[in-house]
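For reference, the structure discussed in these notes is given below.
The values are calculated or read from the model by the stated rules, or taken from the named source; none is laboratory data. For clarity, every value in this text was computed on a predicted model and none was experimentally measured. Note: ideal-geometry Cβ built from the backbone for every residue, glycine included; neighbour counts use all protein chains shown.
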Amino acid sequence: MFQVLIEDAYDHSNVVGEYETVEEARECYDKCLSDGPEEYELSVELEEIIEEGNDYKSIAYHEWFTQEEWEEARG
């Protein structure tokens, strides 16, 4: 299993979707990248779910803003 999640400025991780194949998850991840961040979003990550959700392996990660950059821009 694979998942795509968004990290926001309030230190929340929100799962965008869970997928059976890495190809499906990559499509979702790529769409998030092309759509760009919304409101409080800082980053997007594609992970492999290992051992029934108890462990994760990062496959791809993109950070739009650091926490500091986001706070400064929203000043």
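Being at pLDDT below 95, of a type in the set (S, T, Y), out of contact with any Lys or Arg (no Cβ under 8 Å at 6 or more places or on another chain) and assigned to a loop (DSSP other than H, G, I, E, B) narrows it down to one of Y10, Y56, so name that one.
Y10
Within the range 23-38, residues that are assigned to a loop (DSSP other than H, G, I, E, B) reach partners that are not polar (S, T, N, Q) with beta carbons closer than 8 Å, at six or more positions or on different chains, in the pairs G36/W64; P37/W64; P37/F65. Restricting attention to the range 39-53, the residues that are surrounded by 13 or more Cβ atoms within 10 Å (Cβ to Cβ) and assigned to a strand (DSSP E or B) total 9.
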